[in-house]
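The values are calculated or read from the model by the stated rules, or taken from the named source; none is laboratory data. In this text, all values refer to a predicted model and were calculated from it rather than measured experimentally. Glycine also receives a Cβ, built like all others from the backbone with ideal geometry; neighbour counts cover every protein chain displayed. With ligands, DNA and RNA removed, areas are computed over all heavy atoms of the protein, side chains included. Shrake-Rupley method; radii C 1.70, N 1.55, O 1.52, S 1.80 Å.
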Amino acid sequence: MRSLVQALVVAEHLNFRHAANALGVAQSSVSTRIKALEETLGIVLFERRHRGVRLTEAGHRFVAEVSAGIEQIDHAVRTAGAISDGTVGRLTIGLHGSIATGFLADLRQRYRAAHPAIEQSIVEGSSSHTLAMIREGKLDVAFIVNVANVPDCHCRHLWNEALVIALPAAHPLVRLESLAWADLAAENFLVRQGGAGPQVLEHIVRRVAEHGRSLRLHRRNVGRDTLMHMVAAGEGITLTHEAGSYVPFPGVVFRPIDDENEQARFSAVWSPQNRSPALRKLLDLATHMSRMDGWTMQAQTMPSSFPVKTPGHHETGGAP
């Protein structure tokens, strides 16, 4: 590499003495290295003259190719360095909730502002699917509801959200500002098969059973938006988390549940083998946000019937 660099400098100055001065080395050293390089290549790169040198035709081509190669090497070194310190790169994030507002939307916006050269790729899926992708190395991190300990993974609790009920706008219960599970137990529930559907289903089953009612529930293999449109059409009601209630859906009204004492607990899950600096920066920012006193869903006005929750913090496993 040193010989190649010296050849480029000689080609620039067309004089061994001037090239040596530019390199800060002895002229004899430059001359010896260039001669050794020519012997190794079996090519004459420079024609020696009394007042300097001139590039041969082969030398012109060689210098052009070497110059481009060294620029590529320099770019590769700088790019690798930027990736290693987390200033550029890509994060693949798994989730099954809304990213329109709430903690996760705020986190992504702040991270993008602080690290604009890191691309955020979003993958939606069920908890089991995103966890499998974490273990396979296809996701850097997943934000999952109601998980505590995940085998072979690190898990860090970040924030909580109240559970709310989504009703058709024409439903009789809409006239009430808040509801109780006794009002809801006899209703027809709609639940997604994917996303947080399994956790929602388990919760509804428990609550309806506590009120001695037979469960009326339909599972649908649809996305969240389609499920909400089904609610608007009067096909049933559904349970969702607080951030999701700030995404407007025509024909859907959200109401808090007075006697619901549990919250949706959201955690970050990642592989202990993932040493990505970009991931570490995201987790550090998320932890800082989760520990801020009085964190609320910013950029939205909280309805007076929704209490502001301050998330707790729990982690299983260490930082990457």
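Ignoring ligands, DNA and RNA, what percent of the 1.4 Å accessible area of the chain is carbon and sulfur? Provide the component values of the computation, followed by the final result.
Values: 8230 of 16140 Å².
Heavy-atom surface of the chain belonging to carbon and sulfur, 1.4 Å probe: 51 percent.
Averaging sequence separations of C-alpha pairs under 8 Å and six or more residues apart, then dividing by the length of the chain, give the relative contact order as a whole percent. Please report the intermediate quantities before stating the final value.
Working: 542 pairs, mean separation 71.0, N = 320.
After rounding, I find 22 percent.
Just to be sure I follow: if Rg is taken over the C-alpha atoms of the chain and Rh is the Kirkwood radius over the same atoms, what is Rg/Rh? Please report the intermediate quantities before stating the final value.
Working: Rg = 31.2 Å, Rh = 24.1 Å.
When Rh is taken as the Kirkwood radius, the ratio is 1.30.
List the relative contact order of region 1-81 as a percent without decimals, with contacts defined as Cα pairs under 8 Å and 6+ residues apart. Before the final figure, lay out the partial values.
On the way: 67 pairs, mean separation 21.1, N = 81.
Normalised by residue count, the contact order of region 1-81 is 26 percent.
Of all DSSP beta bridges located in region 161-263, what percent are antiparallel, nearest 5? Can you show the working numbers first?
Numbers: 10 of 17 bridges.
That works out to approximately 60 percent antiparallel.
Rounded to the nearest 10 Å², what accessible area does Val10 show when all protein chains are kept and the probe is 1.4 Å?
0
What number comes out for accessible area per residue over the chain if the probe is 1.4 Å? Units Å², please.
50
Express in whole angstrom the spacing between the alpha-carbon centres of region 140-201 and region 222-285.
After rounding, the separation between the Cα centres reads 7 Å.
Name the residue from Gly236, His203, Tyr246 whose Cα lies farthest towards the positive end of the charge dipole of region 161-263, charges +1 on Cβ of Lys and Arg and -1 on Cβ of Asp and Glu.
Gly236
So how strong a dipole does the chain carry about its Cα centre when Lys and Arg Cβ are +1 and Asp and Glu Cβ are -1, to the nearest 20 debye? Please list the in-between numbers first.
On the way: 33 positive and 31 negative charges, 219 e Å.
So the magnitude is around 1060 debye.
Of Asp183, Asp152, which has the most accessible area with a 1.4 Å probe, and how do the rest follow in descending order? Don't jump to the answer; show the numbers that get you there.
Values: Asp183 65, Asp152 120 Å².
Order by accessible area, largest first: Asp152, Asp183.
To the nearest 10 Å², what's Arg265's accessible area with a 1.4 Å probe?
100
Compare Thr240, Thr226, Thr32 by solvent-accessible area with a 1.4 Å probe and give them largest first, with all protein chains kept in place.
Working: Thr240 15, Thr226 70, Thr32 90 Å².
From most exposed to least exposed: Thr32, Thr226, Thr240.
Of the beta bridges DSSP finds with both residues in the chain, what % are antiparallel, to the nearest 5? Don't skip to the end; give the middle numbers.
Values: 28 of 45 bridges.
About 60 percent, rounded to the nearest 5.
With every protein chain left in place, what is the accessible area of Trp159 in Å² (1.4 Å probe, nearest 10)?
Surface accessible to solvent at Trp159 totals approximately 10 Å².
Which whole-number percentage describes the relative contact order of region 161-263, with Cα contacts under 8 Å and a sequence gap of 6 or more? Present the calculation step by step, with values, prior to reporting the outcome.
Numbers: 183 pairs, mean separation 52.9, N = 103.
Relative contact order comes out at 51 percent.
Can you give the helix-only mean residue ellipticity at 222 nm for the chain, where every DSSP H stretch with n ≥ 4 adds -39500 (n - 2.57) and the sum goes over all residues, rounded to the nearest 500 deg cm²/dmol?
Numbers: 10 runs with 125 residues, N = 320.
About -12500 deg cm²/dmol.
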